[in-house]
Amino acid sequence: MSHDAVPVGEATLLQQACDKYQSSFGRAAVAASSAPGRVNLIGEHVDYCEGYVLPVAIPFVTVVVGGYNDTDECHVISVLANGDVVSTAFPATSVAKLTPGEPAWANYVKGTVSKFPKPVQGFNMAITSDVPMGAGLSSSASLEVAVCTFLEVLTGLTVDPVEKARLCQSAEHEFPGVPCGVMDQYIVSMAKKDTALLIDCRSFGSTHVPMKTGDYVVLVTNSNVKHKLTGSEYPQRRAQCEEAASRLGLPSLRSAKTADLERLKQMNCDELVLRRAQHVIEEIERTQQVAKSFRENDLERVGRLFYESHESMSKLMEISCPELDELVRIIRPAPGVLGARMTGGGFGGCVVTLVKKDQVDNLKKLILSKYRGDPVFFVCQPSDGAKGIKL
Ligand code: GLA
């Protein structure tokens with residue numbers, strides 16, 4: 001069995017979506033879009049604290065095709081990775097207000113349609129995707145932003161890309177009910193090839209950071225421990241960070257300084273709340289330092305900050321899991337490795353490793369021989385963000 005994740009490719013996914021659309025709805029699709037998944041290099045669980053994050057888009061994409069159907073209903077089919085097809089239907093927003101419900105996957109589509117700034121008439125839609133699900137690579141944001149971009153093409157109404165990210169984020173809050181930050185939708189909407197994006201989640205501004213890593217690459221290792229953000233852990237972390245900020249009388253932990261941790265202690269603040277605050281304050285600083293170090297080509301420093309970040313996620317934020325910790329332990333002493341950390345929402349998903357190109361194969365072999373799970377690898381190639389596709 002291959003342990004390498006290879007993108008199916010946008011062209012093939014587009015063809016599959018158009019073929020399925022034609023055979024299911026008896027007509028050709030007229031509008032299309034695609035949107036990538038993402039991997040976060042650093043800045044974890046700080047976007048909802050208005051901090052800095054540094055993600056990149058990856059060459060795995062969701063493709064959406066479709067067209068108006070001259071009815072008051074929307075019909076959506078989605079082709080899963082194993083070839084199975086799932087479908088759903090809901091009223092057009094030109095005639096009704098949408099509400100969340102079953103099936104769960106449809107909430108990402110319905111939420112985005114519902115938040116689109118203009119009522120939409122009935123349409124048919126087919127979705128294909130090669131973004132791994134439950135791997136912490138933002139298959140949800142990829143779907144939301146692909147749907148929103150499709151609606152732009154369909155209706156002719158252009159949405160500013162930052163607005164689009166915020167609109168999709170609020171769709172995720174209200175429909176699947178995940179109180180996520182803005183990072184995933186933002187990078188999926190705004191990414192540029194060969195760059196990471198330093199996003200300021202307070203001002204919603206961002207700067208592209210060229211990923212000139214020379215002899216090094218970022219290897220993504222999927223632990224294959226499925227992560228889920230719809231459980232209670234993610235909202236709990238967010239609530240703990242908000243409690244820390246509110247006890248300090250601050251709008252968010254973005255405005256907090258290391259000295260504020262002492263103030264929290266003096267207030268007899270809950271130990272867990274204190275640890276979360278420490279993670280956030282230090283992780284925001286680390287993220288800016290990593291962006292700076294990439295610009296200065298100081299990859300060794302990037303690596304050290306990756307390790308510090310992982311340690312903090314494991315011990316202070318407590319969002320790692322035994323498998324992710326084990327991966328970092330295995331990776332750390334390997335030749336050519338500068339740094340590694342878990343990435344994404346946590347409790348499963350992936351590890352990112354900054355490693356010398358000519359050591360990638362050796363590292364993969366080492367992980368395969370020592371890791372208890374069933375890992376899947378890909379080398380991260382920073383890709384473009386969402387776009388409409390001409391048919
Ligand atoms: C998930 C959320 C993001 C962010 C990360 C953790 O991916 O959707 O908003 O909080 O977790 O950094």
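Before moving on, here are some points about what is shown:
- For segment 238-391, the percent of C-alpha pairs falling in each 5 Å distance bin, counted from 0 to the bin holding the largest distance, reads 2, 8, 15, 17, 16, 14, 11, 8, 6, 2, 0, 0, 0.
- Angle in degrees between helix 161-174 and the longest Cα principal axis of the chain, rounded to the nearest 10: 90 degrees
- Proximal aspartates and glutamates relative to Lys97, as straight alpha-carbon distance under 15 Å, when same-chain residues fewer than 8 apart are discounted: Asp72, Glu73, Glu174
- Segment Leu80-Ser232, length gained on full extension (0.36 nm per residue, minus Cα span): 52.0 nm
- Reduced Cα scattering model of segment 1-115, Debye log10 I(q)/I(0), q = 0.10, 0.15, 0.16 Å⁻¹: -0.42, -0.87, -0.95
- Cα coordinate range in the chain, projected on the principal axes (Å, largest first): 61, 50, 36
- Normalised by the number of residues in segment 201-299, the average gap of Cα pairs under 8 Å and 6 or more apart makes the relative contact order 34 percent.
- Net charge contributed by nearby residues that have their C-beta within less than 13 Å of Ala171 (K/R +1, D/E -1): -1
- Relative contact order for the chain: 24 percent, from Cα pairs under 8 Å spaced at least 6 residues apart, divided by residue count.
- Here the simple spin-label model places points 7 Å from the Cα toward Cβ, and for Asp70 and Ala104 these points are separated by 3.9 nm.
- The angle separating the long axis of helix 360-370 from the principal Cα axis of greatest extent in the chain is about 80 degrees.
- Apportionment of accessible area to carbon and sulfur, the chain, percent (1.4 Å): 50 percent
- Angle of helix 106-115 to the longest C-alpha principal axis of the chain, folded into 0 to 90 degrees and rounded to 10: 80°.
The values are calculated or read from the model by the stated rules, or taken from the named source; none is laboratory data. Note that the coordinates shown come from a computational prediction; the quantities given were computed from them, not determined experimentally. A quick note on method: Cβ atoms are made from the backbone with ideal geometry, for glycine too, and the neighbour counts reach across all protein chains shown. For accessibility, only protein heavy atoms count, side chains too; no ligands or nucleic acids. Shrake-Rupley method; radii C 1.70, N 1.55, O 1.52, S 1.80 Å.
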